[in-house]
1. Of the residues in the range 141-154, how many are open to solvent by 10 Å² or more (accessible area, probe 1.4 Å) and either more than 16 Å from the ligand (Cβ to nearest atom) or within 16 Å of the chain's Cα centre (by Cα) (or both)?
2. Looking only at the range 185-198, decide whether some residue is farther than 19 Å from SER330 by Cβ and either outside the structural domain of VAL92 (by TED's automatic domain parsing) or within 16 Å of the ligand (Cβ to nearest atom) (or both).
3. Determine whether the range 290-301 contains at least one residue that is among the polar types (S, T, N, Q), surrounded by 14 or more Cβ atoms within 10 Å (Cβ to Cβ) and more than 21 Å from MET175 (Cβ to Cβ).
4. Which residues, counting only those in the range 227-258, are open to solvent by less than 10 Å² (accessible area, probe 1.4 Å) and within 16 Å of the ligand (Cβ to nearest atom)?
5. Which residues, counting only those in the range 254-269, are touching a helix residue (DSSP H, G or I) at 6+ places or on another chain (Cβ under 6 Å) and over 30 Å from ASP281 (Cα atoms)?
6. Which ranges mark the helices (runs of 4 or more DSSP H) fully within the range 239-332 that have 2 or more residues being charged (D, E, K, R) and out of contact with any Asp or Glu (no Cβ under 7 Å at 6 or more places or on another chain)?
7. If you go through the range 114-131 one residue at a time, how many are in a loop (DSSP other than H, G, I, E, B) and under 23 Å from TRP264 (Cα atoms)?
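The values are calculated or read from the model by the stated rules, or taken from the named source; none is laboratory data. All of these numbers come straight from a predicted model, not from anything done at the bench. A quick note on method: Cβ atoms are made from the backbone with ideal geometry, for glycine too, and the neighbour counts reach across all protein chains shown. Side chains included, ligands, DNA and RNA excluded: accessible areas come from the protein's heavy atoms. Shrake-Rupley method; radii C 1.70, N 1.55, O 1.52, S 1.80 Å.
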Amino acid sequence: MVQTALLFLGLFLQSFFFAHGVHGHRIHRRYFQEWSQPQGHSVNRLFKRGTDGVQYPAVGSSDWSSKYPRDGQTPKRNTIPKEWLDALNDAVASGKVPNTPIPTMGSNGSPVYPNNQDPGSPNICSSTYQCRSKDDIYDGPDGTFGVGFDDGPLPPTSTLVDFLKKNNETATHFMIGYNVLSNPQQFLEIFQYGGDCAVHTWSHPYMTTLSNEDILAELGWTMQIIHDSTGGKVPKIWRPPYGDSDVRVRAIAKVVFGMDTVIWNQDSADWTMNNGKSTLDSVMNSLDGFVKGPKSPGLIILEHESSDNTVKAFMDTYPKIKSNGWQTKSLVALLENGEAYQNVKGDTVNPAEIYVNPDGGNSTSSSTTSGSSTSQPTNSKSTVTSASGSPSSTAVSSNTSNSALALDSCSAFRQWLVLAIAISAVFVVIL
Ligand SMILES: [Zn+2]
């Protein structure tokens, strides 16, 4: 009788191995289609350091702040993770990042390209010199007013967020990475009301004047602090400080990090109030002119959350935006199908690691995921907490209900084994 039961057990085990091969412990995973970039895009593997199930350090805590560059300068070369540099080098070697000359700051306060090269030519296409790349976003859809602010988070952010909440508005916030590090409370206020977190570099330089590696560090570290502070969301858009970009800069943003460049079509010049070169009245007059102007194209106005006055200029203009018939939405809602992040769809944050197709043979990615073979994303949660330890009201949940994970062959084996033992046990009882 026992022999019969063992025979059945053996037959089950044999049929399992016949069906699955003898590679029993090979992990099968599939690529998450919800990433907005194609499977081979480097951004999909650059932000894997926080994976599902990881408790991210509380925003504002010492564990959190110790992970980032310490000051508001361009982060040093030795801070750049090797994976970012590898992705940059691959992009350069494949010709996707043009080898254009790097300008220096001229006495007029604008970048000057060497040998009097024309910054408006297609092979440089500097936005500082009004060359509009077809890949950059300047205009909104007709009749729309894109709500967005640069340079936060800063103390005036709190007033702005209160106002937006009262008016049921959402804005896109182009954040300076170092300001996130310095103002975690205001960062959380933005994230928790549902504002879009977008990138405005780590230290606010003229990006065209930087080396490829410095551009990498400015963008990468800002993406990293946003990623780590939002439960793993990877920003989708960035805005160059001073609107200063060219073919080389925008290629690094897109090819290495998957981000679109968003500029503006009107400048409120609100920032000139901060150095006394304009007044609230003069800025309000400019804004009045824009909102009373033509509805085509839609307005994308450069505005800031950098002082009480810049915030007041927007708040005092807001009733006129509405009375002039503009449809107000966050910039992201107008331009990016409402999604501010590359790895988010609806309420789902996809794991910030790459998953490989079983037949894809992506050995690099396989090695990066091998350490997490037991951390199935299903039912895991990553929670954003403040430094005080209280969970945020908009804790980010991750689930993969639709997806994407192939059955781990180990768990399949366990299921077969349990079934075989159970049936064998039944035979033992019967016989
Ligand atoms: Zn700025």
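1. The number of residues fulfilling the criteria is 3.
2. no
3. no
4. PRO235, ILE237, TRP238, ARG239, PRO240, PRO241, GLY243, ASP244, SER245, VAL249, ALA253
5. VAL255, VAL256, PHE257, GLY258, MET259, THR261
6. 280-291, 308-323
7. Going through the range 114-131 one residue at a time, the tally reaches 11.
Conditions (1) open to solvent by 60 Å² or more (accessible area, probe 1.4 Å); (2) within 30 Å of ASN309 (Cα to Cα); (3) touching a strand residue (DSSP E or B) at 6+ places or on another chain (Cβ under 7 Å), marked per residue:
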| site | (1), (2), (3) |
| --- | --- |
| VAL97 | no, no, no |
| TYR113 | no, no, no |
| SER121 | no, no, no |
| TYR129 | yes, yes, no |
| ASP136 | no, yes, yes |
| ILE190 | no, yes, yes |
